[in-house]
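Presented below is the structure to which this report refers.
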Amino acid sequence: MSQRVYITGLGMISAIGNNVPESFLSLSQSRTGIGKINHLTTRYKDEFLAGEIKLSNEALADLVKDSNPALNRNSYIAMLAAKEAVMNSGIDTNDGLRTGVISSTTVAGMSKTELYYKEMFVKDDHLNVLDTHDCGDSTERIADYLGNVDYVTTISTACSSAANAIMLGCRMIKHGQLDRVVVGGVDALSKFTFNGFNTLMILDREWCKPFDENRKGLNLGEGAAFVVIEGENALNLRKGKALAEVVGYANANDAYHQTASSPEGYGATLAIQQALAMSGLKPSQIDYINMHGTGTPNNDLSESMATKAVFGDQVPKFSSTKAFTGHTLAAAASIEAVISVLSLQNNMIFPNLNFTTPIAEMNLIPETKLVNTPLTTILSNSFGFGGNCSSLLFKKAS
Amino acid sequence: MTKAYISGTGCISPQNSIDGEWFFDTINPAKGDFFDALEPSYKEYIAPNLLRRMGRAIKMGVAAANLAINQAEAKKVDAIITGTGLGCFEDSERFLLAMLDNDEQFLTPTSFIQSTHNTVGSQIALIMKCHDYNFTYVHRGFSFESTLQDAMMLFEEGKDTILVGGIEEHTPNFVILNRRAGKFQNQNTAIPIWKSTTEGIQMSEGASFFVLDKIKTEKSLARVDGIQTLYKPKTSQDILMKLHAFLKLHELSLADVDVTLMGFSGDVVFDEKLKELLPIIEKESTAASFKHLCGEYHTASAFAMWVATKLIEKQKLPKTVAISDKTPSKIKHVLIINQYLGINYSFTLLSQC
């Protein structure tokens, strides 16, 4: 019936590197990208840490080789990561097959809008910000940068956005609507997001400690990651190479609270169970879970409950890689998809940094050191405001 | 091929569309160069404790969803899919201005919490206690189209009843800024909008929701046969070729289409390709317009789908909607050809069921 879908290209830019090889180096050396705030203008610059991309907007503009003044940080990083994914896969968007771009973002052009919003009422210099504020802007920039794209759309489901972009991409191929698709997410750090999370009092002033009893909150990050997904027909046609197979995915809603997760992790449990059911894999066949694990008291407890509900006493090895990258919001699930594929390719579990004490009532202990172990199947979770819960299941390409 | 049967609609627009009896008889013109939605008394649709905190986009969305669900008498839905170009802009702007005015101090989280684009979809899920599939599309003139494409796939994947909707709101500040940027024109210079020779649109807002069923029921009002999006087609000929192929897929030709609702925005540049297509549409089908009623916004095509459903239901094309002088003898098939900023084009085909 419907064809199998494979990841054939990876692209990523975040605090731990400007591309996939740099990111892999940071991950395998347990080197976090979270540190002092350098690029974001905020009065809290010296009070909080963040996972910033180490390049200024000017340096990013040089990398994309486009001096269009309408571009913003969101577009730059999206274009770079999407291009890397396409180059990595080796697909040619001019070969007549149907190519889609499905991206996702939460605040889109806000990092630029917030600089000029008040000025725009009195001066004309930056009124073009109105054209690039919305979520669709960076997606169309990617499409035009890649060329010959037949289909574009954009998703915004808060911190689970990119998981849903990946899911939609797989579905559109299975339904025969596209042959391959560049999917992922992007969020540049903005003062708006930073202050939003600060008012919710879920930012840790020190390095975040996912799944630790004494966790205080998350560190925000920024980034973009895209993967190329191809149907087996298109892949076989060009005799391309698969990096991993997407064997399961699911989207459920917690329907508990606008921002908080239910204490028992009901939506998360549904998402994990349904992704497993789709893949036909038993819980015992999962080798590793890349957790959502933001480091907030609420998320990590709720996700632990869901994990226990599904896996019982046989919880697979797991870690959250948010302490490397910070929480990159819409990009998180695609960054973690790239990390998951790197794990499969290298048979490596990247550690859950900064963990010392397990959550008392859970007693779940993540991997805290780099682990070299054969990996075949990886579950990756992403949950967001609005109760959006999504899980993805990746399998080593056979 | 999978079809979707519309069993309930809810529409908040600059017109009196919330009134089930209204059929394009009295028309509200734009307020100069923009439209405001005609908002109902929300108390009928939303519990007071929820209402107090909701921004306008959320209120419009939840109320329109409520209307659609009530009309369909749907006990539950298997998926909630929303589309919005700018999301909860009022809450975003409120948080942004508070942050800028107070130098990042004394902020409260409410407007930030509600600023995320998926707030409407998640509020509906919360109210309906729906733990199932929940998606929000945010791609300009494809935001609503994507909800329909997704729903069609979900029906093939086994879902039975799906709520889809498009929501947009503007704020007084956003209107001022867009006017300053020269994006608007006064309605008097663009009457009728399909004959406009000047640049500029009339920005607007609204919410249109639909309950879709996989199978036909006695509640079915109209059927959605198919949907296709076109990104940056180069010429009107490209659009026409794709349109013929789209209709052929549904075993139709343009001559079978009784009414074609065209997304003229009043901006001579954005409308150029539709204007080139108009004589062909008028010859083969009967041309009609909808943005002179709802104004221009990312999810105006959701309003168009509401219009199409009404035309099929009433079997009549009111003069206030028509472009052509022709009167169709029957309304079996309605085609929507939308464009947004001359970049995002879409076809949606609806039929009598």
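Residue-by-condition table, conditions (1) buried (at least 22 other Cβ atoms within 10 Å of the Cβ); (2) of a type in the set (D, E, K, R); (3) at pLDDT 95 or above:
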{"residue": "B:ASP256", "(1), (2), (3)": "no, yes, yes"}
{"residue": "B:GLU282", "(1), (2), (3)": "no, yes, yes"}
{"residue": "B:ALA300", "(1), (2), (3)": "yes, no, yes"}
{"residue": "B:PRO328", "(1), (2), (3)": "no, no, yes"}
Check your understanding: Filter the range A:46-70 for residues that are part of a loop (DSSP other than H, G, I, E, B) and at pLDDT 95 or above; which is surrounded by the most Cβ atoms within 10 Å (Cβ to Cβ)?
Key -> A:ILE53
**Study point:** Exclusive hit being outside any helix (DSSP H, G or I), over 21 Å from the mean Cα position of the chain (by Cα) and modelled with pLDDT of 95 or more, set B:GLY165, B:GLY158
**Key:** B:GLY158
Check your understanding: Do we find that A:ALA224 is away from chain B (no Cβ under 13 Å), buried (at least 23 other Cβ atoms within 10 Å of the Cβ), touching a residue at least 24 places away in the same chain (Cβ under 8 Å) and closer than 30 Å to A:MET87 by Cβ in this structure?
Key -> yes
Revision key, fill the gap. Restricting attention to the range B:92-132, the residues that are at the interface with chain A (Cβ under 7 Å from one of its Cβ atoms), surrounded by fewer than 24 Cβ atoms within 10 Å (Cβ to Cβ) and of a type in the set (Ser, Thr, Tyr) number exactly 1
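Okay, residues lined up against (1) polar (S, T, N, Q); (2) in contact with a Gly (Cβ under 7 Å, 6 or more places away or on another chain):
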{"position": "A:THR325", "(1), (2)": "yes, yes"}
{"position": "A:LEU329", "(1), (2)": "no, no"}
{"position": "A:GLN345", "(1), (2)": "yes, no"}
{"position": "A:PRO366", "(1), (2)": "no, no"}
{"position": "A:GLY387", "(1), (2)": "no, yes"}
{"position": "A:LYS395", "(1), (2)": "no, no"}
Point to revise | Flag for A:THR321 being within 30 Å of B:GLY158 (Cβ to Cβ) and of a type in the set (Ser, Thr, Tyr) | key: no
**Study point:** Residue tally, condition closer than 20 Å to A:CYS159 by Cβ and of a type in the set (A, V, I, L, M), over the range A:107-122
**Key:** 3
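A quick yes/no check of all residues on (1) touching a Ser or Thr at 6+ places or on another chain (Cβ under 6 Å); (2) modelled with pLDDT under 95:
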site	(1), (2)
B:ALA125	no, no
B:LEU148	no, no
B:MET152	yes, no
B:PRO172	no, no
B:ASN186	no, yes
Check your understanding: Which of the following residues is hydroxyl-bearing (Ser, Thr, Tyr), surrounded by fewer than 17 Cβ atoms within 10 Å (Cβ to Cβ), more than 14 Å from chain B (Cβ to nearest Cβ) and under 27 Å from A:THR259 (Cα atoms): A:THR325, A:THR357, A:THR368?
Key -> A:THR357
Check your understanding: Among (1) touching a Phe, Trp or Tyr at 6+ places or on another chain (Cβ under 8 Å); (2) closer than 19 Å to A:VAL186 by Cα; (3) not acidic (Asp, Glu), which single condition is A:THR307 missing?
Key -> (2)
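Yes or no, residue by residue, for (1) without any contact (Cβ under 8 Å) to a residue 40 or more places away in the chain; (2) of a type outside the set (Phe, Trp, Tyr); (3) away from every other protein chain (no Cβ under 13 Å):
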residue	(1), (2), (3)
A:SER156	no, yes, no
A:THR193	no, yes, no
A:THR199	yes, yes, no
A:CYS208	no, yes, yes
Check your understanding: Name the residues in the range A:23-43 that are within 14 Å of chain B (Cβ to nearest Cβ) and either over 18 Å from A:ILE202 (Cα atoms) or touching a Leu at 6+ places or on another chain (Cβ under 9 Å) (or both), would you?
Key -> A:ILE37, A:LEU40, A:THR41
Point to revise | Yes/no for A:THR294 being in a loop (DSSP other than H, G, I, E, B), assigned by TED's automatic domain parsing to the domain that holds A:THR377, more than 17 Å from the chain's Cα centre (by Cα) and not acidic (Asp, Glu) | key: no
Check your understanding: If you take the residues in the range A:107-132 that are in contact with a Phe, Trp or Tyr (Cβ under 9 Å, 6 or more places away or on another chain) and either in a loop (DSSP other than H, G, I, E, B) or of a type in the set (Phe, Trp, Tyr) (or both), which one is surrounded by the most Cβ atoms within 10 Å (Cβ to Cβ)?
Key -> A:VAL107
Point to revise | Among the candidates B:LYS219, B:LYS234, residue that is more than 22 Å from B:VAL62 (Cα to Cα), outside any helix (DSSP H, G or I) and among the basic types (Lys, Arg) | key: B:LYS234
Practice item. Of all residues in the range A:357-371, count the ones that are assigned to a loop (DSSP other than H, G, I, E, B) and under 24 Å from the mean Cα position of the chain (by Cα). Key: 7
Check your understanding: Considering only the range A:1-15, how many residues are out of contact with any strand residue (DSSP E or B) (no Cβ under 8 Å at 6 or more places or on another chain) and of a type outside the set (S, T, N, Q)?
Key -> 1
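For every residue, the table says whether it meets (1) out of contact with any Phe, Trp or Tyr (no Cβ under 8 Å at 6 or more places or on another chain); (2) more than 10 Å from every other protein chain (Cβ to nearest Cβ); (3) assigned to a loop (DSSP other than H, G, I, E, B).
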residue	(1), (2), (3)
A:GLU140	no, no, no
A:VAL149	no, no, yes
A:THR153	no, no, no
A:ALA163	no, yes, no
**Study point:** Residue among B:LEU274, B:LEU261, B:LEU341, B:LEU311 that is out of contact with any helix residue (DSSP H, G or I) (no Cβ under 6 Å at 6 or more places or on another chain), within 17 Å of B:LEU240 (Cα to Cα) and assigned by TED's automatic domain parsing to the domain that holds B:LEU243
**Key:** B:LEU274
Check your understanding: Do you know which of the residues in the range B:8-37 that are of a type in the set (A, V, I, L, M, F, W, C) and more than 15 Å from the chain's Cα centre (by Cα) is nearest to B:ILE193 (Cα to Cα)?
Key -> B:ALA30
Practice item. Could you look through the range B:159-190, keep only residues that are of a type in the set (Asp, Glu) and under 21 Å from A:ASP131 (Cα atoms), and pick out the one that is nearest to the other protein chains (Cβ to nearest Cβ)? Key: B:GLU168
Revision key, fill the gap. Among helices (runs of 4 or more DSSP H) entirely inside the range B:254-353, those with 3 or more residues being more than 24 Å from B:HIS170 (Cβ to Cβ) and either of a type outside the set (Val, Ile, Thr) or in contact with a Cys (Cβ under 7 Å, 6 or more places away or on another chain) (or both) are B:272-284, B:300-314
Exercise for review: Give the residue, chosen from A:SER320, A:SER343, A:SER334, that is free of Cβ contacts under 8 Å to residues at least 60 places away in the same chain, crowded, with 17+ Cβ neighbours inside 10 Å and either acidic (Asp, Glu) or closer than 21 Å to A:PHE24 by Cα (or both).
Suggested key: A:SER343
Check your understanding: When the range B:29-54 is examined, which residues are found to be part of a loop (DSSP other than H, G, I, E, B), touching a Ser or Thr at 6+ places or on another chain (Cβ under 8 Å) and of a type in the set (Phe, Trp, Tyr)?
Key -> B:PHE35
Check your understanding: Identify, please: which residue in the range A:233-278 is at positive phi and touching a residue at least 40 places away in the same chain (Cβ under 8 Å) and is, among those, nearest to the other protein chains (Cβ to nearest Cβ)?
Key -> A:ALA255
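The values are calculated or read from the model by the stated rules, or taken from the named source; none is laboratory data. Please read these numbers as outputs of a predicted model, since none were measured by experiment. Glycine also receives a Cβ, built like all others from the backbone with ideal geometry; neighbour counts cover every protein chain displayed.
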